[in-house]
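The values are calculated or read from the model by the stated rules, or taken from the named source; none is laboratory data. Not measured: the values here are computed from a predicted model. So basically every Cβ, Gly included, is an ideal-geometry build from the backbone, and we count neighbours across all protein chains shown.
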DNA sequence: CGCCAAAATGGTAGCGTTCCCAAATGAAGC
DNA sequence: GCTTCATTTGGGAACGCTACCATTTTGGCG
């Protein structure tokens with residue numbers, strides 16, 4: 001596997017530049033630049049001449065040069081734990097929908113749920129000098145925090161609400177969400193309540209949902225009947241395996257809180273397959289409200305995380321910049337969505 | 001909403017540069033550049049001095065300048081129809097996993113399934129001078145094709161196999177996949193076979209799956225008993241609505257091909273809810289094999305699209321570049337996954 | 001101790017834009 | 001026709017970095 005760079009470089013040197021277009025159109029270099037970036041500042045006659053030269057030569061302005069000269073990258077970085085999850089995809093998508101019409105380009109990086117990777121990614125990302133950074137969560141290495149604060153770039157921490165934002169913070173309280181799940185199951189008269197999680201050591205938000213869940217139970221004098229912390233990766237299949245483990249344990253359980261909807265959907269499937277009636281034998285509640293959660297049978301009770309709204313608000317916060325002395329902390333709230341599984 | 005650019009510019013001018021680090025470390029500017037980019041070419045002594053100066057000043061190299069000077073952007077663009085879909089997320093994720101270790105950064109853009117948007121996006125993307133472009137599908141506006149061919153950048157068309165690749169083409173035959181679905185249902189003894197699709201006018205791959213499906217039926221003297229082309233957006237809920245429509249039609253149907261798994265999973269749910277036994281009353285087959293498809297009850301028969309492999313191969317093709325006179329067309333194949341729903 | 005090759009270091013000239021200002025052109029008024 | 005002012009146009013200097021080449025230092029060896 002040879003280095004594509006050499007060919008690249010050879011090709012690129014000598015590609016069409018502003019100067020080529022200027023020569024073709026018989027105008028100055030600045031006239032071309034203006035004809036492209038602020039057409040109103042150029043006379044009709046020259047503008048059309050420039051435009052046809054651009055088309056004739058297939059000129060595409062080099063953003064690197066433009067960015068370097070103007071110190072405006074028109075780039076916004078989004079740092080998420082995972083690129084393949086629909087949860088983060090929806091956030092990115094919503095942010096993109098806001099930013100693209102404003103001429104911004106999104107650049108996505110993933111941390112694989114690791115704080116150290118996040119630090120590496122942040123350092124790399126700052127080299128691109130984005131005009132805004134949207135980052136997942138409020139847990140960062142001290143060095144990451146420091147770096148972001150020093151950067152002078154608007155930083156939006158999304159997904160979870162914390163007490164000490166770097167800059168702007170948009171999210172919900174995951175502890176409260178966990179507590180809401182517990183209270184819902186209790187209100188249904190369940191007392192032998194289990195917990196299912198996976199990759200809990202990596203996902204701080206999931207940890208806090210669990211903590212909030214356990215505390216709420218404790219307030220009612222209940223302790224979790226069983227906790228399955230599955231070693232597999234978060235996903236539908238892992239949820240199913242975890243449920244099988246739970247059923248195999250023989251423990252008497254009448255309700256389960258799955259720390260996210262992937263696990264919960266898989267758990268519902270496994271419960272049904274193993275002859276349990278949901279919710280009669282076993283109530284199940286998840287977290288995040290995936291699209292699929294509403295369509296499975298029985299449909300899944302869950303807690304809706306307003307992902308699209310968070311993505312949109314994060315993008316708008318970046319656009320507003322940090323000078324805008326608006327709200328530094330935005331609680332987008334969550335919503336208990338009661339369906340058939342509880 | 002004021003323009004964040006001004007603050008940006010003010011901040012950035014006068015940020016830490018190579019020269020500052022050089023002064024701090026008491027060395028030449030080139031020594032700093034080398035200490036960072038090819039540490040082996042610098043003596044131990046100076047390297048440590050540079051390194052501590054970098055840390056002391058919090059220097060982060062400016063990629064714009066580096067890219068401009070070296071004509072190496074270390075950027076690979078991935079153009080997908082949608083950012084929020086898990087199918088595309090997995091492809092992007094797999095490509096990222098290959099490219100990141102090689103020092104590349106991925107830039108994702110979405111076309112919203114529109115050829116015109118794709119053209120706009122391509123033009124914009126070329127301005128960033130990526131070293132490779134991974135684009136979804138083989139259908140492009142003539143201008144888009146032209147632009148990509150002229151660019152001199154390796155282009156990988158992924159997801160579907162065509163006869164005339166711009167450069168490199170990785171995918172499967174969607175017509176064959178559709179035919180496989182039809183043949184599977186026929187082999188199960190079904191003859192009153194329906195089709196469910198959504199947004200069919202935008203998704204050319206789905207169109208070809210349908211065409212292949214219809215042709216295969218025709219070869220066996222069967223015509224689709226019913227076609228539901230739902231107007232909603234592709235998603236689980238739309239699949240459910242389409243199935244309800246199908247059931248309400250009163251048409252005698254014993255099998256359904258859903259043009260993708262989102263629709264199929266939703267359709268399974270709706271069929272069950274409406275008292276149909278799947279597969280006894282109604283067999284259902286989807287396309288793509290989502291993670292969730294294996295975990296619902298009944299689990300979904302589908303055709304697996306090897307997304308991770310495509311993402312990986314596309315990234316490797318970009319790394320290899322176009323000089324590598326290897327395979328221009330790679331058929332990654334699909335696989336019929338028979339589960340409970342058929 | 002000197003000599004030469006090899007390694008380490010630094011200066012300079014771009015890379016392709018945009019910004020700033022000067023020059024040129026055109027319009028309007030007398 | 002000439003001056004004055006607004007509008008267009010263009011030139012040159014950055015922007016921060018790397019490539020290339022020249023220079024300096026080092027180390028090995030006779």
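Within 14 Å of residue A:131 (Cα to Cα), surrounded by fewer than 22 Cβ atoms within 10 Å (Cβ to Cβ) and either without any contact (Cβ under 8 Å) to a residue 24 or more places away in the chain or within 13 Å of DNA strand C (Cβ to nearest atom) (or both), is that true of residue A:65?
It is false that residue A:65 is within 14 Å of residue A:131 (Cα to Cα), surrounded by fewer than 22 Cβ atoms within 10 Å (Cβ to Cβ) and either without any contact (Cβ under 8 Å) to a residue 24 or more places away in the chain or within 13 Å of DNA strand C (Cβ to nearest atom) (or both).
Yes or no, residue by residue, for (1) surrounded by fewer than 24 Cβ atoms within 10 Å (Cβ to Cβ); (2) within 28 Å of the chain's Cα centre (by Cα); (3) at pLDDT 95 or above:
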{"site": "B:249", "(1), (2), (3)": "yes, no, yes"}
{"site": "B:260", "(1), (2), (3)": "no, yes, yes"}
{"site": "B:270", "(1), (2), (3)": "yes, no, yes"}
{"site": "B:282", "(1), (2), (3)": "no, no, yes"}
{"site": "B:286", "(1), (2), (3)": "no, yes, yes"}
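Assess whether residue B:7 counts as being at pLDDT 90 or above and crowded, with 17+ Cβ neighbours inside 10 Å.
Judged against the criteria, residue B:7 is not a match.
Facing chain A (nearest Cβ under 9 Å) and surrounded by fewer than 18 Cβ atoms within 10 Å (Cβ to Cβ): which single residue out of B:123, B:86 fits that description?
The unique qualifying residue is B:123.
Hey, does region A:312-333 have a residue that's crowded, with 21+ Cβ neighbours inside 10 Å, under 21 Å from residue A:191 (Cα atoms) and in contact with a helix residue (DSSP H, G or I) (Cβ under 7 Å, 6 or more places away or on another chain)?
Looking through region A:312-333, none of the residues is crowded, with 21+ Cβ neighbours inside 10 Å, under 21 Å from residue A:191 (Cα atoms) and in contact with a helix residue (DSSP H, G or I) (Cβ under 7 Å, 6 or more places away or on another chain).
For residue B:80, all conditions in the list (1) surrounded by 22 or more Cβ atoms within 10 Å (Cβ to Cβ); (2) under 11 Å from the mean Cα position of the chain (by Cα); (3) within 9 Å of another protein chain (Cβ to nearest Cβ) hold save one; what is the number of the exception?
(3)
What about residue A:101, is it crowded, with 24+ Cβ neighbours inside 10 Å, under 26 Å from residue A:66 (Cβ atoms) and out of contact with any helix residue (DSSP H, G or I) (no Cβ under 7 Å at 6 or more places or on another chain)?
no
Taking the criterion of being within 14 Å of DNA strand D (Cβ to nearest atom), away from every other protein chain (no Cβ under 14 Å) and over 32 Å from the mean Cα position of the chain (by Cα), would at least one residue in region B:55-62 satisfy it?
No - not one qualifying residue is present in region B:55-62.
Give me a count of the residues in region B:156-186 that are crowded, with 24+ Cβ neighbours inside 10 Å and without any contact (Cβ under 8 Å) to a residue 60 or more places away in the chain.
Here the count works out to 2.
For residue B:114, indicate whether it is touching a residue at least 40 places away in the same chain (Cβ under 8 Å), more than 14 Å from chain A (Cβ to nearest Cβ), within 19 Å of the chain's Cα centre (by Cα) and surrounded by fewer than 24 Cβ atoms within 10 Å (Cβ to Cβ).
no
Given the residues A:184, A:229, A:174, which is the only one that is closer than 22 Å to residue A:304 by Cα and out of contact with any helix residue (DSSP H, G or I) (no Cβ under 6 Å at 6 or more places or on another chain)?
The match here is A:184.
Show the residue pairs that are 6+ apart or on different chains and have beta-carbon atoms under 6 Å apart, the first residue being within region B:25-38 and within 7 Å of DNA strand D (Cβ to nearest atom), the second being part of a helix (DSSP H, G or I).
B:29/B:18; B:29/B:19; B:29/B:22
Can you find even one residue in region A:10-21 that is under 30 Å from residue B:319 (Cα atoms), at pLDDT 90 or above and in a loop (DSSP other than H, G, I, E, B)?
yes
Just checking, how many residues over region A:187-201 are without any contact (Cβ under 8 Å) to a residue 60 or more places away in the chain and under 20 Å from the mean Cα position of the chain (by Cα)?
Selection size over region A:187-201: 2.
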